[in-house]
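A.B. asks: This is the structure I have questions about; it appears just below.
The values are calculated or read from the model by the stated rules, or taken from the named source; none is laboratory data. All values derive from a computational prediction rather than experimental measurement. Virtual Cβ from ideal backbone geometry, glycine too; neighbours counted across all protein chains shown.
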Amino acid sequence: MSVVNMPGGGLSALVVGSESVPGAEDWLGLQYDPAQFQVTELRGINGFQILATHIDNLMGEVRFVAVKPTKGVVDGDVVLMVGNRLGGANFEFQVQKANLQLLDANGNSITVYNVAIGQAPPYYVKGGRG
């Protein structure tokens, strides 16, 4: 996951997976086709640390909390999702903006931003080699 033009000194905290309806028990995170992809790990990039992770490869969903304890990131990568490509079909990762929470370097909510989630590449890497 990457950010571009983050305000307030940059992104310093990211929560993926918030209650879809206040008081409801269903939480929705980043969703994907579990027949095509299996998440094995999330890694913080550019100083971000992953504090909490929930990976559900049966349902095709991942939720996490990532923070950067020093200054924020205005532009760049913040989280790398590592996994196994299981099939060759194209599919897109999905997330609803309502299920994201972003904080800037001053601890303020970032409420104005665009969400762009990409399509999985039509190839896979095995053992670190293409």
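A.B. asks: Just name the residue that is surrounded by the fewest Cβ atoms within 10 Å (Cβ to Cβ) out of those in region 37-59 that are part of a loop (DSSP other than H, G, I, E, B) and within 13 Å of the chain's Cα centre (by Cα).
C.D. replies: The extreme case among them is I45.
A.B. asks: Select from region 64-78 the residues that are in a strand (DSSP E or B) and out of contact with any Phe, Trp or Tyr (no Cβ under 9 Å at 6 or more places or on another chain) and write down the one among them that is farthest from Q31 (Cα to Cα).
C.D. replies: Only one residue tops the list, namely G76.
A.B. asks: If M81 satisfies every condition in (1) part of a loop (DSSP other than H, G, I, E, B); (2) modelled with pLDDT of 85 or more but one, which is the exception?
C.D. replies: (1)
A.B. asks: Oh, and also: Of the numbered conditions (1) more than 15 Å from I117 (Cα to Cα); (2) not in a strand (DSSP E or B), D33 fails exactly one; give the number of that condition.
C.D. replies: (1)
A.B. asks: Run down R63, R85 and say which single residue is closer than 17 Å to R43 by Cα and of a type in the set (K, R).
C.D. replies: The conditions single out R63.
A.B. asks: In region 81-90, which residue that is surrounded by fewer than 15 Cβ atoms within 10 Å (Cβ to Cβ) and not β-branched (V, I, T) is nearest to the chain's Cα centre (by Cα)?
C.D. replies: Checking each candidate, the answer is N84.
A.B. asks: Going by the conditions given, is V112 hydrophobic (A, V, I, L, M, F, W, C), part of a loop (DSSP other than H, G, I, E, B) and surrounded by fewer than 19 Cβ atoms within 10 Å (Cβ to Cβ)?
C.D. replies: yes
Let's see how each residue does on (1) of a type outside the set (A, V, I, L, M, F, W, C); (2) at pLDDT below 90:
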{"residue": "G88", "(1), (2)": "yes, yes"}
{"residue": "F91", "(1), (2)": "no, yes"}
{"residue": "A98", "(1), (2)": "no, yes"}
{"residue": "Q101", "(1), (2)": "yes, no"}
{"residue": "G107", "(1), (2)": "yes, no"}
{"residue": "N114", "(1), (2)": "yes, yes"}
{"residue": "I117", "(1), (2)": "no, yes"}
{"residue": "P121", "(1), (2)": "yes, yes"}
{"residue": "G127", "(1), (2)": "yes, yes"}
